[in-house]
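Undergrad: Here it is, the structure, as structure tokens.
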Amino acid sequence: MIMAIQRMRAAFALTATLLSALPTAALGQANCRNTGSFEAWLADFKKEALAKGISQSAIAAASPYLVLDQRIINIDRGQRFFAQNFVEMSDKMLGYGRLPNGAAQIKKHEALFAREQNEFGVPASVITAFWGLESDFGAGQGKDQAIKSLATLAYDCRRPDMFRWHLFDALRLIERGDLRPDEMIGSWAGELGQTQMMPSEYMVHAVDYDGDGRRNLIRSVPDVIGSTGKYLVHLGWKRGEPWLHEVRVPGNLPWKEADLSVQHPRSQWASWGVTLADGKAIPNDKLPASLVLPVGRFGPAFLAYDNFQAYLKWNQSLNYSLTAAYYATRLDGAPPMHKGTESIPKISFEETRELQQLLEKRGYDVGRVDGVLGLKSRVAIRDSQIKFGLPADGWPTAELLTRLRAGR
């Protein structure tokens with residue numbers, strides 16, 4: 001629930017194959033207007049649900065909640081993404097006692113985590129970090145009725161196809177007996193459970209880990225732990241491999257190599273002078289890794305491995321994904337990160353938005369022009385830095401903005 005507005009989770013991936021054939025505008029028409037009545041839409045939806053084999057009893061059980069909620073549309077149309085950088089976000093998100101509480105959960109459920117890791121290979125710290133960030137270990141799962149939210153968003157013209165499929169699967173969850181309609185309370189966007197899965201994710205990846213015949217990710221901690229492990233394997237988690245290490249980087253590093261799209265064996269990073277955070281040598285082996293500089297070359301630095309891609313598939317926000325991955329390393333005993341120097345360049349929210357506009361005019365795909373530094377914006381910044389002969393660390397600076405304004 002904590003990250004519901006910012007999430008933009010890539011885990012709508014279960015419908016990605018279907019939706020990839022649609023034009024981009026169909027996936028997110030922010031300024032579209034609804035013209036047909038909700039009642040007519042609902043009648044057609046129920047007919048289609050029956051045609052797909054969903055029982056009349058499941059539809060009837062959900063019917064009290066198959067209503068339009070304009071407030072949900074207003075939230076969806078009015079999303080504002082937080083412009084916090086990684087250091088600010090991680091400081092905030094790892095507060096609220098989440099480190100000691102996470103450690104306590106790992107100890108309390110040691111046997112469950114051991115079972116999960118034996119079966120799926122995902123460390124307890126990784127699951128616990130998502131569990132803490134998404135719902136504070138079940139305490140903050142959301143307050144909205146999921147069927148109502150999904151019906152509203154499936155009717156709304158902005159992203160109807162995406163939410164239509166999630167609504168079908170929400171009905172299937174009812175039909176299967178996993179959840180009753182009245183207990184399907186979650187985020188405003190229809191996410192459910194203590195690690196906040198959309199219904200299509202829930203339907204495919206949830207497991208009955210407590211043996212009661214239901215997959216209840218709202219109340220059953222065993223089901224939450226097992227299902228989250230299984231889902232992360234689906235997202236590409238590799239058993240026994242690392243996901244993130246904090247490192248130190250030298251001042252003469254070839255900065256253009258510092259990008260998630262670039263991988264080198266650890267031996268290459270070692271040859272460039274990259275060390276572990278405590279100054280010790282990194283393993284001189286062939287394990288591929290990317291160097292991530294979340295706030296540029298003067299801030300913290302991390303080697304991100306293939307398993308980090310599972311974080312980005314969980315949530316496309318680099319800041320969220322790094323926070324979740326860093327949180328897991330802390331639960332495993334890593335010390336607090338080095339936050340960098342006071343000389344980290346900063347430009348304002350408005351300047352970042354202007355920079356995105358200037359990059360877009362030069363033909364770059366920066367994603368949303370919203371003043372928030374997403375992965376696409378970082379790639380465009382890095383490429384521009386290379387062209388201008390600036391240190392290509394993918395971080396926006398006043399110097400780069402000046403060069404772009406001048407059109408040189």
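The values are calculated or read from the model by the stated rules, or taken from the named source; none is laboratory data. In this text, all values refer to a predicted model and were calculated from it rather than measured experimentally. Please note: Cβ atoms are built from the backbone with ideal geometry, for glycine as well, and neighbour counts cover all protein chains shown. For the accessible areas, the whole protein counts, side chains as well, though only heavy atoms, and no ligand, DNA or RNA atoms are used. Shrake-Rupley method; radii C 1.70, N 1.55, O 1.52, S 1.80 Å.
Undergrad: Apply the Debye scattering formula to the range 40-168, with a single equal point scatterer on each alpha-carbon and no solvent, then give log10 I(q)/I(0) at q = 0.10, 0.11, 0.12 Å⁻¹.
TA: Treating every Cα as an identical point scatterer, log10 I(q)/I(0) equals -0.54, -0.64, -0.73.
Undergrad: Right, next: What per residue convex hull volume, in Å³, comes out for the chain when only alpha-carbon positions are used?
TA: Dividing the Cα hull volume of the chain by its residues yields 145 Å³.
Undergrad: Using every pair of alpha-carbon atoms in the range 83-125, split the distances into 5 Å bins beginning at 0 and state the percent of pairs per bin, rounded to integers.
TA: 5, 22, 18, 16, 15, 14, 8, 3
Undergrad: Sorted by average packing, counted as other Cβ atoms within 10 angstrom per residue and highest first, what order do 172-179, 276-283, 44-51, 382-389 take?
TA: Descending packing order for the listed peptides: 172-179, 382-389, 44-51, 276-283.
Undergrad: OK, next. Report the local net charge at VAL379: Lys and Arg +1, Asp and Glu -1, summed over other residues whose C-beta lies under 10 Å from its C-beta.
TA: 0
Undergrad: Ranked from highest to lowest mean number of other Cβ atoms within 10 Å per residue, what is the order of the peptides 132-142, 192-202, 87-97, 351-361?
TA: Highest mean packing first, the order is 192-202, 132-142, 351-361, 87-97.
Undergrad: Which net charge results when you count Lys and Arg as +1 and Asp and Glu as -1 among the other residues whose beta-carbon is under 12 Å from that of GLN56?
TA: With Lys, Arg at +1 and Asp, Glu at -1, the net is +1.
Undergrad: What is the count of Lys pairs in the range 212-367 whose alpha carbons sit under 21 Å apart, if the two are 8 or more places apart or on different chains?
TA: The result is 7.
Undergrad: How big is the range 250-293 by Rg and Dmax over its Cα atoms, in Å?
TA: 9.8, 26
Undergrad: Here's another thing I want to ask about it. Charges at C-beta only: +1 for Lys and Arg, -1 for Asp and Glu. How large is the resulting dipole of the chain about its Cα centre, in Debye rounded to 20?
TA: That gives a dipole near 780 debye.
Undergrad: How high is the FRET efficiency between LYS286 and SER261 when r is their beta carbon distance and R₀ equals 22 Å, given to the nearest 0.05?
TA: So the FRET efficiency works out to roughly 0.70.
Undergrad: Could you give the accessible area per residue of the chain, probe 1.4 Å, as a whole number in Å²?
TA: Each residue of the chain exposes 43 Å² on average to a 1.4 Å probe.
Undergrad: Moving to a separate point now. Of all the accessible heavy-atom surface of the chain, with the other protein chains kept in place and a 1.4 Å probe, what percent is carbon and sulfur?
TA: Heavy-atom surface of the chain belonging to carbon and sulfur, 1.4 Å probe: 53 percent.
Undergrad: Note the angle between two axes, namely the Cα long axis of helix 124-135 and the longest principal axis of the Cα atoms of the chain, as a number of degrees from 0 to 90, rounded to the nearest 10.
TA: Rounded to the nearest ten degrees, it is 60.
Undergrad: What percentages make up the Cα-Cα pair-distance distribution of the range 176-278 when the bins are 10 Å wide from 0?
TA: All Cα pairs considered, the percentages come to 13, 32, 17, 17, 16, 4.
Undergrad: Using amide H atoms built in the peptide plane, which far-off residues or other-chain residues are under 5 Å from LEU244 H to H?
TA: Counting only residues 5 or more places away or on other chains, the set is TYR305.
Undergrad: Sticking with this structure for a sec: Applying the Karplus parametrisation 6.51 cos²θ - 1.76 cosθ + 1.60 with θ = phi - 60° to the phi angles of the range 44-60, what ³J(HN,Hα) value in whole Hz is obtained for each residue in order, glycine and proline being reported as x?
TA: 5, 4, 4, 4, 5, 4, 4, 5, 8, x, 7, 6, 4, 5, 5, 5, 5
Undergrad: Residues in the range 287-320, backbone N under 20 Å from the label point at TRP272 (7 Å along the Cα-to-beta-carbon vector): list them, ranges by number please.
TA: Taking a point 7 Å out along Cα→Cβ of TRP272, the residues of the range 287-320 whose backbone N falls under 20 Å are 287-309.
Undergrad: Hey, what's the Cα Rg ratio for the range 250-408 versus the globular rule of thumb, 2.2 N^0.38 Å?
TA: For the range 250-408, the normalised Cα radius of gyration is 1.06.
Undergrad: Defining a contact as two alpha carbons under 8 Å apart and six or more residues distant in sequence, what relative contact order in percent does the range 252-377 show?
TA: Relative contact order of the range 252-377: 17 percent.
Undergrad: Taking θ = phi - 60°, what integer Hz values does the Karplus form 6.51 cos²θ - 1.76 cosθ + 1.60 yield along the range 291-301, in sequence order, with x for Gly and Pro?
TA: Each residue of the range 291-301 in turn: 9, 10, 10, x, 10, x, 6, 9, x, x, 9 Hz.
Undergrad: Ordered by residue, what ³J(HN,Hα) values in Hz, to whole numbers, does the range 364-381 give under the Karplus form 6.51 cos²θ - 1.76 cosθ + 1.60, where θ = phi - 60° and Gly and Pro are x?
TA: Residue by residue, the range 364-381 yields 7, 8, 9, x, 6, 8, 9, x, 10, 7, x, 4, 5, 5, 5, 4, 5, 5 Hz.
Undergrad: Taking a label point 7 Å from the Cα of SER57 along the Cα→Cβ vector, which residues of the range 169-204 have an amide N closer than 20 Å to it?
TA: 169-184
Undergrad: How big is the range 315-408 by Rg and Dmax over its Cα atoms, in Å?
TA: Looking at the range 315-408, its Cα Rg and Dmax stand at 15.1, 48 Å.
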